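This report refers to the structure that appears directly beneath it.
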Amino acid sequence: MKVLMLGWELPPHNSGGLGVACYQMCKALSKKGVDIEFIVPYTADHGIDFMTVTPATPVTAQAILKSGIAYDSFKYILPDGTEEEVDLFTQADRYVRAVEQLATLGEFDLIHAHDWLTFRAALRAKEISGKPLIVHVHATEFDRAGGKSGNPMVHEIEYTGLLLADRIMAVSQLTKDIIVREYDIPADKIEVVHNSIDIDSYEQLDSHSAYPYLEQMKQQGYRIVTNVGRLTIQKGLYNLLLAAKEVIARAPKTIFLIVGSGEQYRELLQLSADLGIADHVVFTNFQRGKRWRDSFAVADLFVMPSVSEPFGLTPLEAIGWGTPVLVSKQSGVSEVIRNCLKVDFWDVNEMANQIAAVVCNEGLKNELHNQSYKEYTRLTWDNAASKMVDAYNHHILAGATA
Amino acid sequence: MKQQAICLYLHVHQPYRIKHYTIFDTGVDHNYFNDETPGVDTNNEFIIHKVAEKSYLPTNAVLQDLLEQHPDFKLSLSISGTVIEQFEAWAPDVLESFKKLVSTGRVEILAETYHHSLAFFYSRAEFEEQVAMHRKKIQDIFGLTPTVFRNTELSYNNDLAFWADKAGYKGIITEGWDKILGWRSPNFMYRPTYTDNIRLLMKNYRLSDDIAFRFGDRNWSEWPLTADKFADWLGAAGDNAQVYNLFMDYETFGEHQWADSGVFEFLKALPEYWKATRQDRTFMTLSEAIDNFDPVDKVDVPYTITWADTERDLSAWLGNSMQQQAINALYGLKDPIIQTGDWALIEDWRRLQTSDHFYYMCTKWFSDGDIHAYFSPYETPYEAFTNFMNAWHDLKFRLAVKGIEV
């Protein structure tokens with residue numbers, strides 16, 4: 001079975017959970033014998049051997065570089081050595097052209113496309129090849145806009161893709177509900193395939209933390225509350241800082257570690273100063289590798305307060321690194337993990353109540369992590385991959401809709 | 001004539017559930033148990049009304065009928081102090097119906113801790129105080145003095161038996177757990193080791209759980225359980241039995257097993273079928289059984305057992321680090337709280353000792369995703385713990401206001 005997989009990023013060139021989910025999902029699919037060609041919009045070495053990774057590079061460019069930030073512009077290096085900045089929509093256009101021109105397009109049995117940036121290319125591929133199309137929704141514009149309709153152009157592309165796909169896969173029930181409610185797609189066209197985590201793919205922690213200062217503060221009785229994610233409205237950090245003020249008022253030995261970059265950085269920094277808690281909030285910018293791992297590991301509690309989080313991989317990673325989690329009820333991951341604290345993203349007081357409970361009570365922290373870690377070790381992509389293979393077989397047999 | 005008796009023992013209890021009590025309430029709102037939100041499971045008045053309607057009133061009506069129709073029908077009850085208070089406040093008709101049962105002279109009431117606590121394992125002085133409080137309450141309400149002791153969740157060990165013997169109780173009860181009994185049957189009178197006078201009655205958990213847990217289970221191979229079938233099972237031991245100790249939660253009737261399961265009809269019919277085939281079959285209260293039967297052996301229980309779940313230990317209450325932290329924190333306040341002499345403060349502290357609070361923090365079933373096994377008014381054990389500890393912090397706040405730093 002040959003599948004044309006259209007995605008926007010893969011590790012180590014990913015900016016967030018989308019790339020990791022695509023990577024781990026494809027690995028599980030390849031174990032089930034699926035032959036995957038994965039098209040990414042940039043040129044890079046991924047060190048992947050279980051599928052073919054093909055860059056959608058137009059002939060004019062020598063190299064395309066992607067910044068670390070999601071939904072950012074791309075940089076082209078042209079044959080004469082000059083550079084060209086390309087915005088996201090233009091890049092998505094070029095991705096369409098590249099996919100259209102794939103010489104192998106006719107050889108695939110099915111097209112599987114991840115999120116709106118690839119949807120137009122996916123529709124062209126379906127049009128040209130006549131093969132069935134599955135679109136996989138990891139996030140909608142509704143989520144990214146923090147529960148509003150967002151950019152109408154993006155919304156329109158998403159709507160068209162959802163409408164014309166033969167099947168839709170949503171990473172959570174929450175996301176399925178949003179697709180039905182905000183995009184008027186019939187529920188029976190959408191299958192929930194919960195994301196998972198490939199726990200064997202994670203490196204072990206080493207003995208020295210990348211945060212010696214925070215480790216020192218912990219020795220002095222401080223507790224660390226961490227968020228790792230983009231500093232953007234979707235992630236709900238504004239409310240986390242409001243809650244932080246209440247926690248710090250009652251448990252002064254609490255430090256909030258905010259790891260990530262994004263357009264809200266200045267606003268959040270200003271807010272922490274306005275709230276009078278700037279000395280208890282540490283911003284670290286976007287991190288990779290050891291610093292990224294240790295951001296989770298140093299924490300006593302990981303908080304993901306997202307306004308709308310289709311799945312949310314970071315809480316699972318936190319559990320894996322030894323830290324219990326508090327997640328918003330508006331997250332897909334809360335459908336997967338029972339032993340976590342859950343709060344409505346808007347309920348600042350309850351968020352503060354639960355954070356304070358963990359930082360003040362070692363027993364709660366330990367039990368919460370012990371129990372969630374048991375769930376974590378049982379997680380695997382195998383179920384998700386089986387569901388996908390079933391869907392592939394069904395739609396290859398049925399053929400594409402006109 | 002050699003007799004065989006059913007010792008039916010029903011346990012009546014409701015805790016004071018803690019409302020959603022946050023860190024913002026600590027130091028501000030000193031009422032932990034007063035959730036008045038309509039229809040929620042932490043609204044104690046709502047629960048009392050609900051259970052009264054489903055269980056207490058209809059069950060007492062059946063029991064009253066049985067007492068009137070069958071001169072040898074008898075039973076034993078234990079009623080915690082916390083539930084009696086709630087009946088007094090919100091369901092006096094339920095309390096009246098219990099008094100009416102007791103007034104027949106054929107219903108015994110057992111001794112226990114007023115607050116349905118695990119105090120025996122944490123503070124002997126506090127435990128004895130709560131037992132005394134309960135005795136006084138039972139004397140005031142029912143005009144009788146208990147002579148048989150049950151500890152919370154039928155938790156039991158040699159030390160408890162020793163204590164109860166010295167305290168003058170004629171009997172004590174616990175689980176008829178195989179690991180303790182070995183080849184022996186729970187259907188006989190026993191004597192605890194290291195004691196002089198006291199007798200031990202042990203729950204026949206197979207027969208008891210047929211009613212309490214399996215009665216309404218349509219996947220059970222014996223479903224539907226009828227009174228004549230059950231009476232046959234009791235008769236299977238022939239002469240080789242003295243007592244059939246059917247010990248269970250009172251709320252089995254109507255609450256755990258709903259009326260539409262036929263559990264009331266079962267109860268109504270049981271005495272008739274039980275006595276149908278043999279003249280020597282009867283019912284006894286626990287103290288009556290103690291008076292009638294000699295002990296056949298000594299029973300040694302060096303570690304604590306309970307009547308709970310497959311482990312028959314205290315792990316459902318004290319098995320995880322939250323439960324340990326919470327109960328140690330609570331008993332850690334004992335001396336300063338008692339020294340205040342502030343009755344309202346002491347009483348709130350005691351209400352927090354009720355074992356149910358710790359049970360709600362149990363993670364062992366919750367984690368397995370078996371939501372049916374997680375009986376709790378809270379969504380998660382973590383929420384139960386958080387409410388409890390916030391209330392505990394408020395106790396400390398109230399002590400601090402009195403100038404007592406802990």
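A few remarks follow.
- Rg then Dmax, both in Å and based on the Cα atoms of the stretch A:200-377: 14.6, 43.
- Candidate cross-link partners of residue A:342 among the lysines, defined by an alpha-carbon separation under 21 Å and a same-chain spacing of 8 or more, comprise A:176, A:235, A:245, A:329, A:365, A:374, B:19, B:364.
- Degrees between helix A:173-183 axis and first principal axis of chain A (Cα, 0 to 90, nearest 10): 60 degrees
- Measuring max minus min along each principal axis, the C-alpha atoms of chain A give extents of 64, 50, 41 Å (largest first).
- Degrees between helix A:237-250 axis and first principal axis of chain A (Cα, 0 to 90, nearest 10): 20 degrees
- Computed log10 I(q)/I(0) for the stretch A:66-136 at 0.19, 0.29 Å⁻¹: -0.81, -1.25, from the Debye equation with unit scatterers placed on every C-alpha and solvent omitted.
- For chain A, share of DSSP beta bridges that run antiparallel, in % to the nearest 5: 15 percent
- All Cα-Cα separations within the stretch A:304-394 were binned at 10 Å from zero, giving a P(r) of 16, 43, 28, 10, 3, 0, each value a whole percent of the pairs.
- Per residue of peptide B:380-393, the mean number of Cβ atoms on other chains within 10 Å of the residue Cβ is 5.
- Across peptide B:360-366, the mean count of Cβ atoms from other chains lying within 10 Å of each residue's own Cβ comes to 2.
- Peptide A:366-376 has a mean of 4 when you count, residue by residue, the C-beta atoms of other protein chains within 10 Å of its C-beta.
- Site pair residue B:249 and residue A:266 shows an inter-label distance of 6.0 nm when each label is modelled 7 Å from Cα along Cα→Cβ.
- DSSP-defined antiparallel bridges as percent of all bridges, the protein assembly as shown, nearest 5: 15 percent
- Filtered trypsin sites (Lys or Arg not before Pro), the stretch B:176-231: DSSP coil and at most 10 other beta carbons within 10 Å: B:218
- Coil-residue GluC sites (Glu not before Pro) of the stretch B:103-178, DSSP, other Cβ within 10 Å capped at 14: none
- Note on the stretch A:104-194: the alpha carbon radius of gyration divided by the globular reference 2.2 N^0.38 Å gives 1.04.
- Ratio of Rg to Rh over the stretch B:315-401 (Cα coordinates, Kirkwood Rh, two decimals): 1.03
- The stretch B:259-333 pair-distance distribution - Cα-Cα, 5 Å bins, rounded %: 3, 10, 9, 10, 13, 13, 13, 12, 9, 4, 2, 0
- Cα-based Kirkwood hydrodynamic radius, chain B, one decimal, Å: 22.0 Å
- Of the residues B:219, B:44, B:245, the one that moves most in a GNM of chain B with alpha-carbon contacts below 10 Å is B:219.
- Seen against the Cα atoms of chain A and their longest principal axis, helix A:17-31 is set at about 60 degrees.
- Normalised by the number of residues in the stretch A:310-402, the average gap of Cα pairs under 8 Å and 6 or more apart makes the relative contact order 26 percent.
- Neighbour-limited loop hits for trypsin sites (Lys or Arg not before Pro), the stretch B:242-295 (at most 16 other Cβ within 10 Å; DSSP other than H, G, I, E, B): B:278
- Computed over the stretch B:53-145, the P(r) curve from all C-alpha pair distances, binned at 5 Å from the origin, holds 3, 14, 22, 22, 18, 11, 7, 3, 1, 0 percent per bin.
- Kyte-Doolittle mean at least -1.0, axial Cα span of 15 Å or more - DSSP H helices of chain B: B:57-69, B:92-103, B:124-142, B:263-276, B:321-332, B:381-401
- DSSP bridge pairs, the stretch A:200-377: antiparallel proportion in percent, nearest 5: 5 percent
- Based on C-alpha pairs under 8 angstrom that are at least 6 apart in sequence, chain B has a relative contact order of 23 percent.
- Using only alpha-carbon positions in the protein assembly as shown, the gyration tensor eigenvalues give semi-axes of 62, 32, 22 Å once each is multiplied by 5 and square-rooted (largest first).
Quick note: the coordinates plus some simple rules give every number you see, no bench work behind them. Nothing here was measured: the structure is a model prediction, and the numbers come from that model. Note: ideal-geometry Cβ built from the backbone for every residue, glycine included; neighbour counts use all protein chains shown.
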